[in-house]
Every structure is written in C-alpha cells, then in structure tokens.
1. Past the 16 angstrom mark, what percentage of all C-alpha to C-alpha distances in region 36-88 do you count?
2. Ignoring any ligand, DNA or RNA, what whole percent of the accessible area of region 15-92 comes from carbon and sulfur when the probe is 1.4 angstrom?
3. For V11 and E160 in one chain, what is 0.36 nm times their gap in residues minus the Cα-Cα distance, to one decimal in nm?
4. Ranked highest first by the average count of other Cβ atoms within 10 Å around their residues, in what order do 175-181, 32-38, 142-148 fall?
5. Measure of size requested: the Rg and Dmax of region 1-101, with Cα atoms as the atom set and Å as the unit; please supply both.
6. With a 1.4 Å probe and all protein chains left in place, how much accessible area per residue does region 23-139 have, in Å²?
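The values are calculated or read from the model by the stated rules, or taken from the named source; none is laboratory data. What you are looking at is a predicted structure, and each value in this text was computed from that prediction instead of being measured. Here the Cβ positions follow ideal geometry from the backbone for every residue, glycine too, while neighbour counts run over all protein chains shown. To get the accessible areas, we keep the full protein, side chains included, count just its heavy atoms, and leave off ligands, DNA and RNA. Shrake-Rupley method; radii C 1.70, N 1.55, O 1.52, S 1.80 Å.
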Amino acid sequence: GGSRWAAARAVLQQVDRDRGVLPGIVTMNAMMLCTEAPEHIDWVFVKCREFDVTPDTHLFGAAVRMCGKFNPPAFDRATELFVECVRNPHTPPDLYLYNMYLRTAGVSGERENMEAIFATICAHPVIEPDTVTAVTLATRHPAPLEAVPLVESVAHLLDERGRRDWAATLTRARARKAREAARIPVWYQKKHEQEAVRKAPARPRERAPPPSPARGERRTRAARPPPDAQKAVSVDAASLLGVVTAATKDG
C-alpha cells in the first residue's frame, strides 16, 4: 500500500556496481512515471548523471506528463523541461513531448498556452497532430464549449472512445453552465445592477483642465499597472513556441 515513488526508489537499492547491475534509460523512464512531486523529477535526472545514463526525448516527455499529474499541476516546471529538451541537440522533440505538454497545459487551466501549443503542433514542419492530440484537446481544454471550433479542426482524428469522451465533456460543460445561470435569477441580476448604479459615488465636479505643457515638453503618461502574472506566463510560452517552431524549420 506504499507510494509508487517509494517502490521506484527501492529499485535503485538493488544496484550493484561490482556485478554490473546498473540502471539504464528504460529504468529511468519507468521511475519518471512514478514521480509524485517536482523534486522527484529533479532526483531522477540527478541519478541519470550519477549512473551515466543519457536522458532521451521520452524521459523529458514523461517528466512533462507527470507535471500535469501533480497536485497542484506544475506547468512552469513543464515549460522548463520542454525548453531544455528542445535546446538539447541529443533530444529532438517528438509528438509525445508536444502531446504531454499540451495535456499539462490543459489540466493546469492554461487556456492560452494550450491553444498556442496546439497551433505549434499543427504548424510544425515535421510533427502532425494524431489521435492523442485530438483527444487531449477535446477533453482537457479548460473551456470546452469555446474550444469546439479547434476540436472540430481535428475531429477526424478522434477515435470512437475519443468522440464519446468529447461528447461527455461538452455535456458536463453545458450542464455546469446551466447550473451557474440558474443559480442567479434574472430578476436578482437586474435588481443588483440597479442597486450598483444607485450606490455608485456621484461623479466629481469637473475641474479646470491642467495647463497645456510648454512647447517641446512631453506630457507624462500615467504608468500602466503591471500585466497580470498569468497573462505574462501565457505570452512567454506562446512566443517561446514560436521560437521553437522557427528553430525547427531552420534546423
């Protein structure tokens, strides 16, 4: 009844350098799929170095996948791993890596990033979306009803189970939307809006406009508030994927 991670770590206790019983990439890939926290991923990579095991693309893909299974999901760590894999000449990114990154973005609620990753897969010169891509988009998108046009673009790739799962996802999303709408009666919404207007502070009297700046001087603008941190992450990942695509085309 112990954790999978504890069982996986116990495997390495059977290592015997003298007898040549050493872990290989298959063992490390299996261990990665047992990780339960971001620090476990780091531990596996440390052990790779310790036992002279060269990480492959699949190991990075497994690590990115597990980032979406942690509680809470670790999307930022998945992005770091994705970038590391892409920049490493020995680990060319494959569809498994992209699909796992797509999944982790979805379960992390990263709508803009998920759509950017999907667009990158579709525009990639070598990689093409497959059934896993389509099912992941259909069932893991944070806003299923808004994602319908995107899913329809790859609906021909959905298998029978994928179509059923997509239909069930849309049914749940519509039911949730209906419950939310039913929770706030229309009359209450209107009353609330009227109250908000009535309680709004009176508009201040208009003051005389400030003197015009002397010729040659620039009027100083009020500093804009810093953008929402979440949006900043989305833009970074989206632009990063653009760079990755361009690099792949050049390569």
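1. That tail contains 36 percent of the Cα-Cα pairs.
2. Summing carbon and sulfur atoms, their accessible area is 51 percent of the total for region 15-92.
3. Numbers: separation 149, 0.36 × 149 = 53.64 nm, distance 3.83 nm.
Value of the extension gain: 49.8 nm.
4. 32-38, 142-148, 175-181
5. In Å, with Rg to one decimal and Dmax whole: 13.6, 41.
6. 41
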